[in-house]
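Take a look at the structure below.
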Amino acid sequence: RPRALSGIQPTAGSFHLGNYLGAVRQYVALQESHDAFYMVVDLHAITVPQDPKELRANTRVAAAQLLAAGLDPERCTLFVQSHVPEHAQLGWVMNCLTGFGEASRMTQFKDKSAKQGAGATTVGLFTYPILQVADILLYQADAVPVGEDQRQHIELTRDLAERFNGRFGDTFTLPSAHIVRETAKIYDLQDPSAKMSKSTANPKGLINLLDEPKVSAKKIKSAVTDTDTVIRFDAEKKPGVSNLLTIYSTLTGTTIAELEQKYEGKGYGALKTDLAEVMVDFVTPFRARTQEYLDDPAELDAVLAKGAEKARAVAADTLARAYDRVGFLPPA
Ligand code: ATP
Ligand code: MG
């Protein structure tokens, strides 16, 4: 079976709808076809300031949400990044292969550092894409399920894997981004030109899966559309309506064409009312399942411990080979 690897940050507590549709849904799908490794990336979380107590709690909340979304520890390996020290260790080696200018071109860094402000931007935020390279290469991943915003980092991963292999001999698998076109970028409900993001200026544009369902329903109902009234998918001319159609279609398994037909001659109000209901029906059981996992933290921690053990076996093997290739003297 081919390998898959991906990670999600525990920073906000709740996952948002973009995380779920763009990434987590694909994690669930790939456990059927791939030897899949998924992790809560707490090392990445501290690239911006975190409250220690919240970070620890949110790490469990993230793991609980991944299980609630359908990850099955019998069919995939679910773990916490800091439980596998090889990530930081291979990260260092990869830092030493990356050009400063090359790292400076990462648009995620540029966006995030602009939001942090120059004075508050850490070196960790600058090098986090390189840690991500190590995350992927440690598992010799073939496929990396992510949203569109991560495409550049997967390209960097391929470049560095090739560079390492060329310099030191064949060591790493070159991975491909697994990006599902339809849901690669879910947009902010209030600003359909921007990606839905936890750090949005206007929280009304962001659907948090763990919010009260009626809060999310209200956000759907007040989503920005346009002055036209026709319900038709047109990402360029009708980004707001198209975003709603994408969400609706993905959550219900109805095609966009079927939805266009269903709402022919009807107004945006009808579409939003129905989608609000779809959203409530989706988040209600999701929240309940997440809470069930959180109610038994000992069991949750046991799942993560077992996952870390499985992950470490793979990661330690890859790291040992990489260290050897680089020329590190093995400990006697
Ligand atoms: P941040 O803005 O701090 O980076 P984030 O919302 O992007 O947070 P991450 O943990 O970085 O959260 O990303 C988890 C996964 O969710 C990634 O694969 C990312 O590509 C995907 N993702 C994030 N936002 C969206 C979105 N709006 N549409 C589709 N996929 C998304
Ligand atoms: Mg992100």
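The values are calculated or read from the model by the stated rules, or taken from the named source; none is laboratory data. Values in this document were obtained by computation on a predicted structure and should not be read as measured data. With ideal geometry, Cβ positions are generated from the backbone for all residues, glycine too; neighbour counts draw on all protein chains shown. These accessible areas exclude ligands, DNA and RNA; they are computed on the full protein's heavy atoms, side chains included. Shrake-Rupley method; radii C 1.70, N 1.55, O 1.52, S 1.80 Å.
Which is closer than 28 Å to Lys266 by Cβ and of a type outside the set (Ser, Thr, Tyr), of Leu210, Leu245?
Leu245
Among the residues of region 196-221, those that are among the hydrophobic types (A, V, I, L, M, F, W, C) and assigned to a loop (DSSP other than H, G, I, E, B) comprise Met196, Ala201, Leu206, Ile207, Leu209, Leu210. Taking region 1-87 as the region of interest, the strands (runs of 3 or more DSSP E) fully inside it that hold 2 or more residues being closer than 25 Å to Leu189 by Cα and in contact with a helix residue (DSSP H, G or I) (Cβ under 7 Å, 6 or more places away or on another chain) are 3-8. Within region 114-138, the residues that satisfy the criterion of being crowded, with 17+ Cβ neighbours inside 10 Å and hydroxyl-bearing (Ser, Thr, Tyr) are Thr121, Thr127, Tyr128. Exactly one residue out of Arg287, Arg312 is within 30 Å of Gly169 (Cβ to Cβ), under 26 Å from the mean Cα position of the chain (by Cα) and basic (Lys, Arg), and it is Arg312.
Any idea which of Ala311, Ala305, Ala276, Ala322 is on the phi < 0 side of the Ramachandran plot, open to solvent by less than 20 Å² (accessible area, probe 1.4 Å) and touching a His at 6+ places or on another chain (Cβ under 9 Å)? Walk me through it before giving the result.
Numbers: Ala305 fails: open to solvent by less than 20 Å² (accessible area, probe 1.4 Å); Ala276 fails: touching a His at 6+ places or on another chain (Cβ under 9 Å); Ala322 fails: touching a His at 6+ places or on another chain (Cβ under 9 Å).
Step by step, each of Ala311, Ala305, Ala276, Ala322 is checked, and only Ala311 is on the phi < 0 side of the Ramachandran plot, open to solvent by less than 20 Å² (accessible area, probe 1.4 Å) and touching a His at 6+ places or on another chain (Cβ under 9 Å).
Of the conditions (1) surrounded by 22 or more Cβ atoms within 10 Å (Cβ to Cβ); (2) of a type in the set (A, V, I, L, M, F, W, C); (3) touching a Phe, Trp or Tyr at 6+ places or on another chain (Cβ under 9 Å); (4) under 24 Å from Arg3 (Cβ atoms), Ala64 clears all except one; give me its number. Just one mismatch for Ala64, condition (4).
Looking across region 188-217 at every residue that is among the small types (Gly, Ala, Ser) and in contact (Cβ under 8 Å) with a residue 12 or more places away in the chain, the one that is nearest to ligand 2 (Cβ to nearest atom) is identified as Ser197.
Being under 17 Å from Val93 (Cα atoms) and not in a helix (DSSP H, G or I) is the filter; apply it to region 129-157 and report the residue that is nearest to ligand 1 (Cβ to nearest atom). Here the answer is Tyr139. Give me the pairs: first residue in region 82-107 and among the hydroxyl-bearing types (Ser, Thr, Tyr), second residue crowded, with 17+ Cβ neighbours inside 10 Å, beta-carbon distance under 7 Å, and six or more apart or on different chains, which are they? If the second residue must be crowded, with 17+ Cβ neighbours inside 10 Å, the pairs left are Ser82/Asp42; Ser82/Leu43; Thr98/Ile130; Thr98/Leu160. Considering region 256-332, the qualifying helices (runs of 4 or more DSSP H), each wholly inside and each with 3 or more residues that are of a type outside the set (D, E, K, R) and in contact with a strand residue (DSSP E or B) (Cβ under 6 Å, 6 or more places away or on another chain), run over 297-326.
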